[in-house]
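Since every read-out is calculated from the coordinates, none of them should be taken as a lab result. All figures in this text were calculated on a predicted structure; none of them were measured in a lab. Please note: Cβ atoms are built from the backbone with ideal geometry, for glycine as well, and neighbour counts cover all protein chains shown.
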Amino acid sequence: MSSPLSVLEWLSNTSTISAIRESGFAMPAVQAMHLMGLTILLAAILVLHLRLAGASITEWSLPAMERQLRPWAFAGLTLVMVSGALMFLANPTKYLASGPFLYKLSALGLAVTCQFGVFRRFFACDPRLRPRAVNVTVAALSLTLWFSVGWAGRAIAFL
């Protein structure tokens, strides 16, 4: 039976990942895709949470805004996950030994679970039905989680 690390090493040495790792332009292109996906995702999340908190675009209903932004959030998340997997597979040993990377994965898992699971009911109904403090707290908590994912990603290069 193969260990997870041996599977990762095998994937890391496939011709596609080796070509990405050794190319002078492929890894920067993958990193650029990662940043574009992160920007799309965080823009959708930020706009939605500002609306939840009552700080922006209050003329739109929250459920309508969530329906409009959900495809953008999923597209950004998909781009982030695919490009992140390619970057990870290029050097899995380095990333698995990185504290900021492990924090980033944990925060990402929690942020995705909260955004698309736990907090989903907050976006399904009119925010005026709840106390404003609840909406602001949920928005602040979620935005803190999402931005900590980005900040941890940036810290990977330095720690």
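Data table
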| quantity | calculated |
| --- | --- |
| Student exercise, the chain dipole from Lys, Arg, Asp, Glu Cβ charges, in Debye to nearest 20 | 440 debye |
| Computed over region 60-151: relative contact order in percent, which uses C-alpha pairs under 8 Å that are six or more apart | 43 percent |
| Between 0 and 90°, nearest 10: helix 99-113 axis offset from the chain longest Cα axis | 40 degrees |
| Helical contribution to [θ] at 222 nm, DSSP H n ≥ 4, -39,500 (n - 2.57), averaged over the chain, rounded to 500 | -25000 deg cm²/dmol |
| Net charge, residue 155 excluded, C-beta distance under 15 Å - Lys, Arg +1, Asp, Glu -1 | +3 |
| Rounded to 10°, Cα long-axis angle of helix 132-155 versus longest principal axis of the chain | 20 degrees |
| Estimated inter-spin distance, residue 133 and residue 120, nm [label 7 Å along Cα→Cβ] | 2.9 nm |
| Relative exposure of 10, 72, judged by other C-beta atoms within 10 Å (fewest first) | 10, 72 |
